[in-house]
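Worksheet: the structure to be examined is printed underneath.
Only the coordinates and a few stated rules stand behind these numbers; no lab work does. Predicted model only: the values in this text are computed from it and were never measured. Cβ: placed from backbone, ideal geometry, glycine included. Neighbour counts: every protein chain shown.
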Amino acid sequence: MQATGGSTLTIELRHLRYVIAAAERGSFRRAAKALKVQESAISRRIRDLEDEIGAALFVRHHGGVHLTQAGQRFVIRARRALSQIGHAAIDAGSFGRGETGVVRIGIFSSLASGFLSDLLRAYVGANPEVRPDLIEGAPTDHIASVQRHRLDIAFLTGQPIADGCDLAHLWNERVYVALPSDHELARKREIVWGNLRDRHFIVSETDPGPEIHDYLVKHLADLGHHPSVERHGVGRDNLMHLVAIRQGLTLTSEATTAARFPGVVYRPLSEEILPFCAIWSPQNDNPALRRLLSLARTMSKAALPGLLLADRTAGL
């Protein structure tokens, strides 16, 4: 503690507690009894403190002690200092246990339903003092942000390569075809790739449009057909409205099918499963992240019964 004029005061927390206890009880003896120390220790330490600051804090008399004007001012600030230190300890402890703070999450899937929606709902319910900061973006951007610690974690499709990051396969979703409600394929309970051979598709120019485009090209090319895919500069909601007015079909993940659009129906694409994973940096020391990973792993065991989690990690 720096004093006026550049000299250094040596004041310990116990000194503050001794002064406050004596002021509240009007006696060194009663203060010593309350703090379970020797009366001589309190008397000596308070005298040392008075010598240190150059002012008497107490008037001593046969009946006990009472504060001087300097002592009254000192006690006001001492109480405030102890309160601030107490709050600092509580705050640091809560943060260190992951009970408070912020967790920055990169997402590449819908929160309309499914594993990710359930995970975030459960996490917020269990950690009401932690604020989830959600950022939508492309997988490559999310990976770079995780590597640079701009994101704590990202939830992505597939098994992306992310140098210096840990990865865990957490859940799967079926792939669905979004099509007009009066389309001939809408009568089918399930669609196979052969049904899509000569169809026209539309995707967004923004994510996840490019990934859907590549997915379509890969699978339809396996049938010896180059697909007709048109890009539109709209988001997902407006893309679905284009589907409704018969501008083309599109693909979507299972979680997004909870969001309904007039004139649009969803049909599962046979045997097409989309794996989702989490990536994070093992050097990230955010305790709130560790809590999220622990909960994700627990929920994943129920979402993927009997499946060994594909963790490329030293441990969650």
Practice problem: Could you please state, rounded to a whole Å, how far the C-alpha centre of the stretch 164-181 is from the C-alpha centre of the stretch 123-140? | Solution: 19
Exercise. Over the stretch 13-96, calculate the relative contact order: mean separation of alpha carbon pairs under 8 Å at least 6 apart, over the residue count, as a percent.
Key: 29
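How many percent of DSSP beta bridges within the chain run antiparallel, rounded to 5?
In the chain, approximately 60 percent of DSSP beta bridges are antiparallel ones.
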Quiz item: Under a straight-distance cross-link criterion of Cα-Cα below 18 Å, which aspartates and glutamates are reachable from Lys36, leaving out those fewer than 8 residues away in the same chain?
Solution: Glu12, Glu24
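About its Cα centre, how strong a charge dipole does the chain have in debye, to the nearest 20, once Lys and Arg get +1 and Asp and Glu get -1 at the Cβ?
Details: 38 positive and 34 negative charges, 415 e Å.
Dipole of the chain, to the nearest 20 debye: 2000 debye.
With an 8 Å Cα cut-off and a minimum separation of 6 or more residues, compute the relative contact order for the chain in percent. Mind dumping the intermediate values first?
Working: 511 pairs, mean separation 67.6, N = 316.
Reported as a whole number, the value is 21 percent.
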Quiz prompt | Packing-based exposure ordering (other Cβ within 10 Å, fewest first) of Ser109, Ser181 | solution = Ser181, Ser109
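Using alpha-carbon pairs under 8 Å, 6+ residues apart, how would you state the relative contact order of the stretch 177-226 in percent? Kindly include the intermediate steps, with their values, before the conclusion.
Numbers: 21 pairs, mean separation 14.9, N = 50.
Normalised by residue count, the contact order of the stretch 177-226 is 30 percent.
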Quiz item: For Glu136, what charge total do you get from the other residues with a beta carbon under 13 Å from its beta carbon, if Lys and Arg give +1 and Asp and Glu give -1?
Solution: -1
Quiz item: Which entry is the computed volume of the Cα convex hull per residue in Å³ for this structure: (1) 213; (2) 148; (3) 140?
Solution: (1)
Self-check item: Loop-located trypsin sites (Lys or Arg not before Pro) in the stretch 153-204, at most 13 other Cβ atoms within 10 Å (DSSP)
Solution: Arg189, Arg197
